[in-house]
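Bear in mind that the values in this text are calculations on the coordinates, not laboratory data. The shown structure was predicted, so the numbers you read here are calculated from the model rather than taken from an experiment. Backbone-built Cβ (ideal geometry, glycine too); neighbour counts: all protein chains shown.
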Amino acid sequence: METINHQKITTGADYIQSLRNRSLEVYLFGEKVDEPVDHPMVRPSINALAKTYDLAIAAPELASVISPFTGERVSRFLHVCTDANQLVLQNKMQRKLGQLTGTCFQRCVGMDAFNALYSVTFEMDEKYKTSYHQRLKSFLTLMHQYNYVVGGAMTDVKGDRSKAPHQQEDPDMFVHITKRDENGIWISGAKAHQTGCINSHYMIVMPTMRLGEQDKEYAIVGAVPVTAQGITYIYGRQSCDTRSMENGSIDVGNAQYGGQEAMVIFQDVFIPNEYIFMDGEYDFAALLVERFTAYHRRSYVCKTGLGDVLIGAAANIAEMNGITKASHIKDKLVEMTHQNETIYATGIASSYQGYATSSGAYLCDGMLANVCKHHVTKMPFELSRLAQDIAGGLVSTLPSEQDLNHPEIGQLLRKYLKGKASVPTEERIRILRLIENLTMGRNAVGYLTESMHGAGSPQAQRIQIGRMMQLEYKKRLATILAGIETETQKDLVIDELGGYFARVFKID
Ligand code: SF4
Ligand code: FE
């Protein structure tokens with residue numbers, strides 16, 4: 001088996017070191033990046049991921065687990081949950097990391113992929129007598145040995161959206177098998193806006209949607225080292241990204257942390273048999289996508305950590321402007337908090353209602369996970385609107401850091417941009433820049449656009465919510481109470497709403 005780094009990664013510093021000298025094919029601004037670790041536009045995303053390691057040391061109960069495979073402490077991001085509390089702890093860790101970084105820390109896709117694959121491979125093996133589950137466990141063991149970062153690559157570029165993968169004029173619109181021999185397969189295609197892919201050690205490639213029999217060559221799940229031959233990464237731009245290439249630390253808003261998305265292009269990339277976890281079982285593609293998105297849509301409680309930062313920034317700027325006594329300011333902060341906690345409530349409730357699959361892995365509640373993500377497609381936008389309202393117009397008209405530091409103009413700016421006398425002007429500017437960063441700058445990619453489209457665009461959740469809303473059951477409740485139908489003994493005990501009570505109270 002190929003490995004990249006033979007040291008177990010423990011600290012954030014170890015992790016950053018493990019990314020060096022990997023000769024990845026990364027392109028940014030039309031040029032190949034020699035060492036992504038040292039690139040000022042890439043580095044904040046690496047720092048954000050490094051924080052997952054540092055948190056595991058500072059708060060081991062929150063951000064790490066004892067590996068069932070190696071018996072050693074390993075990141076919670078590599079753990080398959082075997083009870084509901086472990087699902088809840090994932091959410092608590094995600095909120096904390098959102099608070100600490102103010103951005104996407106990029107590690108949840110792999111976590112959610114492992115959890116979904118654990119049960120799906122088990123069920124595939126039951127049906128087809130394959131050995132994917134054991135292979136997955138061996139792969140997980142290897143990842144635990146090194147405490148690696150594993151990215152998940154799901155979103156195909158999709159070409160003509162009205163056509164299935166096999167109907168596309170260009171077969172590469174969905175990742176597919178191009179060749180096979182007794183040792184493995186080769187794949188080609190592209191995955192769009194892949195979170196943290198360049199900052200990972202391995203990637204798990206998965207299908208992006210329901211597949212039919214003619215899409216068999218697209219029904220592929222496999223792990224590849226990010227360094228595999230034939231992979232090209234093209235870095236995604238972010239709003240205001242080149243500010244990180246200027247001198248200074250004010251105008252970037254959040255100098256330390258940022259997210260990362262890139263396009264990943266596979267050109268005949270080899271996957272050995274032992275890293276293949278689905279090969280042609282097209283009838284399991286939809287189940288995998290559904291389970292993965294259930295985990296991932298409640299993972300979006302990460303955004304409540306960013307919401308906490310934004311609420312804090314809004315409260316700070318109100319104080320610096322001397323307007324804390326205005327009742328509408330307090331009310332806006334309450335409204336922001338109410339919306340932020342609404343997201344968290346649905347996400348964490350989805351985890352609390354987790355239940356065992358036949359593999360032993362716990363799956364979160366699908367309805368509440370979709371409701372959580374659907375809130376996330378709206379509420380961060382409202383929080384951003386309120387933060388900008390509280391901040392005032394300066395949030396988008398501030399002069400640059402260079403002007404602030406200019407020997408003559410600088411003093412004028414420090415005089416005229418002052419709020420409360422006790423607050424240094426630079427501190428006021430820094431808070432305004434942070435609000436800009438989260439609501440329209442670099443980390444608005446994570447806080448707003450990713451909230452909209454990551455883990456599926458709003459309509460994808462509405463479709464799932466529609467599938468699970470059990471109108472027939474609800475209609476019966478209404479017709480009984482309206483005196484149209486008569487209640488039976490069965491009506492007293494069946495609970496179709498997520499099957500939660502049925503599972504807890506063991507009602508058939
Ligand atoms: Fe994790 Fe949130 Fe980033 Fe997704 S958007 S990887 S859930 S931090
Ligand atoms: Fe995401």
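Pull up the cross-link candidates among the lysines for Lys418, meaning alpha carbon to alpha carbon under 25 Å and not fewer than 8 places away within one chain.
Output for Lys418: Lys325, Lys330, Lys332.
Quick one: Phe266, Phe77, fewest Cβ neighbours within 10 Å first, how do they rank? Mind showing how you got there, number by number?
On the way: Phe266 24, Phe77 30.
In increasing order of surrounding Cβ atoms, one gets Phe266, Phe77.
What is the sum of charges around His166, taking Lys and Arg as +1, Asp and Glu as -1, for the other residues whose C-beta is under 14 Å from the C-beta of His166?
Spelling it out: positives minus negatives among the neighbours equals -4.
Quick check: residue separation of Ala356 and Tyr473 times 0.36 nm, minus the Cα distance between them. What number comes out in nm?
That pair, Ala356 and Tyr473, stretches by 39.7 nm at full extension.
Net charge near Gln402: determine it from the other residues with C-beta under 12 Å of the C-beta of Gln402, scoring Lys and Arg +1 and Asp and Glu -1.
-3
Please list the non-local residues whose amide H lies under 5 Å from the amide H of Gln353, H modeled 1.01 Å from N, same-chain partners needing a gap of 5 or more.
Asp365
When only alpha-carbon atoms count, how far does the chain stretch along each of its three principal axes, as whole angstroms with the largest first?
Principal-axis extents of the chain (Cα, largest first): 76, 68, 49 Å.
Based on alpha-carbon centroids, what's the gap between region 165-200 and region 204-236 in Å, whole number please?
With region 165-200 and region 204-236 each reduced to a Cα centre, they are spaced 4 Å.
What nm value, rounded to one decimal, do you get for the distance between Lys490 and Ser249 when each label is placed 7 Å out toward the C-beta?
The modelled label-to-label distance comes out at 6.7 nm.
By how many nm would the segment from Asp34 to Glu341 grow when fully extended, if each residue of separation counts as 0.36 nm and the alpha-carbon distance is taken off?
Details: separation 307, 0.36 × 307 = 110.52 nm, distance 4.25 nm.
Extra length available between Asp34 and Glu341 comes to 106.3 nm.
What ranking do Arg462, Arg430 get, fewest neighbouring Cβ atoms within 10 angstrom at the top?
The most exposed by this proxy come first: Arg462, Arg430.
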